[in-house]
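Have a look at the structure below before the remarks.
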Amino acid sequence: MFKTLANAWKIPDLKRKMVFTLVIVLLYRLGACVPVPYVSSDALNYMITMNSTGSIFDYLNILSGQAFSQATLFALSVSPYITAQIVIQLLTIAIPALEKLSKEGEEGRKKINKITRIVTVGLALVTAYGYYSYMKSLGVLTDNGAFAMIVIMACYCGGASLIMWLADKINERGIGNGISIILFVNILSSGYASAQTIINQIQRGGFANIFFAILSVIIMVAVITLVVFVTNSERRIPVQYAKRVVGRKMYGGQSSNLPLKLNMSGVMPIIFASSIVSLPQTIAMFVRPKSGSFWDKFLDIFAPDSVVYVVLFIALIVAFSYFYIAISFNNVEVANNLKKNGGFIPGIRPGKPTADYIKMVLNRITLIGAIFLAFIAGLPLLVNIFAQGYLGALAFGGSSLLIVVGVALETARELESQMAMRHYKGFLE
């Protein structure tokens with residue numbers, strides 16, 4: 001990967017794209033440090049650090065690069081944009097008009113992107129009001145008036161819109177996917193807190209503290225290695241193309257393959273599962289039931305350090321893995337495209353048998369991918385349960401590592417493809 005970066009830096013065009021991406025990232029990190037009026041960031045940071053473990057706010061804080069807990073301009077991070085993209089993707093399947101737009105090529109894609117931006121602004125406005133209400137309930141606002149509310153909501157809505165614009169600029173003139181790059185930088189910046197926790201454990205001394213600190217580092221390295229291996233793994237279905245005679249020329253007769261990624265759904269099942277399983281703890285931050293009551297015991301069952309929480313989290317990851325593949329991969333369409341192009345899977349008849357075979361293979365690799373995601377996301381929870389009191393709230397989250405490694409590999413592959421395209425000699429040499 002480092003060799004790829006060094007070689008890409010030597011190409012002027014790619015160098016300009018890489019510099020542009022770095023400038024956008026720098027602007028984003030500067031925006032993540034801009035304070036918002038009428039908010040006491042120190043008080044909010046203390047309240048979230050002490051009370052948000054296991055809630056959705058803890059996860060949002062990691063994805064925002066600690067901007068959420070500091071109430072800065074980019075506190076909402078890319079969450080509204082990602083949510084808008086997921087909503088539009090689901091609606092594209094449910095609404096025929098959007099499905100028709102998605103198949104109209106470049107013009108259709110531009111219209112869908114425009115709709116996505118409008119939805120992003122709407123979601124940012126709703127999220128900004130929810131964030132304002134949350135801060136008001138914590139008592140961290142210096143002014144509770146209507147004007148202060150308008151200013152705070154405008155700042156966060158504008159910040160989310162600016163992040164969307166920065167991400168789109170990376171897509172147009174930079175390297176990699178804009179949203180992915182921003183998430184990558186945010187998680188890396190949040191990693192400092194985890195590193196500081198490990199250092200503090202070692203400085204405290206004692207066999208148990210040092211043992212669990214070293215163990216956490218070993219687990220992180222092992223998880224990164226596993227993520228790299230699974231991310232690059234794929235199941236290749238052999239495809240044979242029949243020979244065709246067009247005029248005086250013969251086409252086809254070639255062998256190819258249909259690659260299916262082992263972890264095709266990426267980190268999306270973990271995000272969906274985290275949002276649902278953290279709802280009880282999130283609600284408890286607003287409304288705390290009476291001690292010893294039924295709802296108090298109910299919330300204790302769904303605490304992040306309980307076995308029920310981990311089991312439910314893993315079950316939801318497996319369920320959402322199949323759900324995401326069902327809405328993002330159309331095996332019937334793939335089978336029809338193979339048939340139109342004269343391709344077939346050896347031993348399988350074209351048409352419906354091919355679609356059924358692809359679905360069977362996809363279900364098998366989806367199960368393996370779901371187990372992988374469940375292991376990656378559940379391992380930190382299990383470590384925190386058994387090492388409670390030593391690692392505390394240390395979250396070297398598997399989902400965070402999955403995003404970081406996935407974005408790094410994806411960006412490296414894009415750089416390699418860009419270099420291959422620029423060094424392609426063609427048929428003239």
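The values are calculated or read from the model by the stated rules, or taken from the named source; none is laboratory data. Small disclaimer: the values here were computed from a predicted structure and weren't measured. Neighbour counts run over all protein chains shown; Cβ positions are idealised from the backbone, glycine included.
Please indicate, with yes or no, whether at least one residue in the range 222-233 is among the small types (Gly, Ala, Ser), surrounded by 14 or more Cβ atoms within 10 Å (Cβ to Cβ), in contact (Cβ under 8 Å) with a residue 12 or more places away in the chain and assigned to a helix (DSSP H, G or I).
No: the range 222-233 contains no residue that is among the small types (Gly, Ala, Ser), surrounded by 14 or more Cβ atoms within 10 Å (Cβ to Cβ), in contact (Cβ under 8 Å) with a residue 12 or more places away in the chain and assigned to a helix (DSSP H, G or I).
Check the range 242-249 and report whether any residue there is under 31 Å from the mean Cα position of the chain (by Cα) and either at pLDDT 75 or above or not aromatic (Phe, Trp, Tyr) (or both).
Checked the range 242-249: no residue is under 31 Å from the mean Cα position of the chain (by Cα) and either at pLDDT 75 or above or not aromatic (Phe, Trp, Tyr) (or both).
For Leu183, which of the numbered conditions (1) farther than 20 Å from Val78 by Cα; (2) buried (at least 20 other Cβ atoms within 10 Å of the Cβ); (3) at pLDDT below 85 fails to hold?
(1)
Take the range 43-100 and flag every residue that is at pLDDT 80 or above, under 17 Å from the mean Cα position of the chain (by Cα) and of a type in the set (Ser, Thr, Tyr).
Residues satisfying the conditions are Ser64, Ser77, Ser79, Tyr81, Thr83.
Which of the residues spanning the range 324-358 are among the hydroxyl-bearing types (Ser, Thr, Tyr), modelled with pLDDT under 85 and surrounded by 17 or more Cβ atoms within 10 Å (Cβ to Cβ)?
Within the range 324-358, just Tyr324 meets the criteria.
For the structure I just gave you, tell me whether Ala303 is surrounded by fewer than 17 Cβ atoms within 10 Å (Cβ to Cβ), more than 22 Å from Met264 (Cβ to Cβ) and not aromatic (Phe, Trp, Tyr). Outline the logic, then answer.
Details: surrounded by fewer than 17 Cβ atoms within 10 Å (Cβ to Cβ): yes; more than 22 Å from Met264 (Cβ to Cβ): yes; not aromatic (Phe, Trp, Tyr): yes.
So Ala303 passes the test.
Is it the case that Val217 is in a helix (DSSP H, G or I), in contact (Cβ under 8 Å) with a residue 60 or more places away in the chain and assigned by TED's automatic domain parsing to the domain that holds Ser256? Step through it out loud before you land on a result.
On the way: in a helix (DSSP H, G or I): yes; in contact (Cβ under 8 Å) with a residue 60 or more places away in the chain: no; assigned by TED's automatic domain parsing to the domain that holds Ser256: yes.
Answer is no for this residue.
Taking interchain pairs and intrachain pairs at least six residues apart, which have beta carbon atoms under 7 angstrom, with the first residue in the range 139-161 and more than 19 Å from Met47 (Cβ to Cβ) and the second among the β-branched types (Val, Ile, Thr) and not in a helix (DSSP H, G or I)?
Cβ pairs passing all conditions: Cys155/Val36.
Of everything in the range 122-154, what is farther than 14 Å from Leu73 by Cα and touching a Pro at 6+ places or on another chain (Cβ under 6 Å)? Give them in sequence order.
Leu123
For Ala393, all conditions in the list (1) at pLDDT below 85; (2) in a helix (DSSP H, G or I) hold save one; what is the number of the exception?
Result: Ala393 passes all but (2).
Tell me the helices (runs of 4 or more DSSP H) entirely within the range 280-363 that contain at least 2 residues that are touching a residue at least 12 places away in the same chain (Cβ under 8 Å) and of a type in the set (Gly, Ala, Ser).
On the way: elements: 294-301, 307-328, 331-340.
By residue number, 307-328.
Condition first: outside the structural domain of Met18 (by TED's automatic domain parsing), under 20 Å from the mean Cα position of the chain (by Cα) and either at pLDDT 85 or above or under 21 Å from Gln66 (Cα atoms) (or both). Can you find one or more residues in the range 143-160 that meet it?
no
Which number in (1) surrounded by 16 or more Cβ atoms within 10 Å (Cβ to Cβ); (2) over 18 Å from the mean Cα position of the chain (by Cα) marks the one condition that Val311 misses?
The one condition Val311 does not meet is (1).
So which helices (runs of 4 or more DSSP H) are wholly in the range 36-129 and hold at least 3 residues that are among the hydrophobic types (A, V, I, L, M, F, W, C) and under 23 Å from Pro280 (Cβ atoms)?
On the way: elements: 41-51, 56-63, 67-70, 79-94, 96-102.
Those helices (runs of 4 or more DSSP H) span 41-51, 56-63.
Give just the number: which of (1) exposed (fewer than 15 other Cβ atoms within 10 Å of the Cβ); (2) among the aromatic types (Phe, Trp, Tyr); (3) more than 27 Å from Ser180 (Cα to Cα) does Trp165 not satisfy?
(3)
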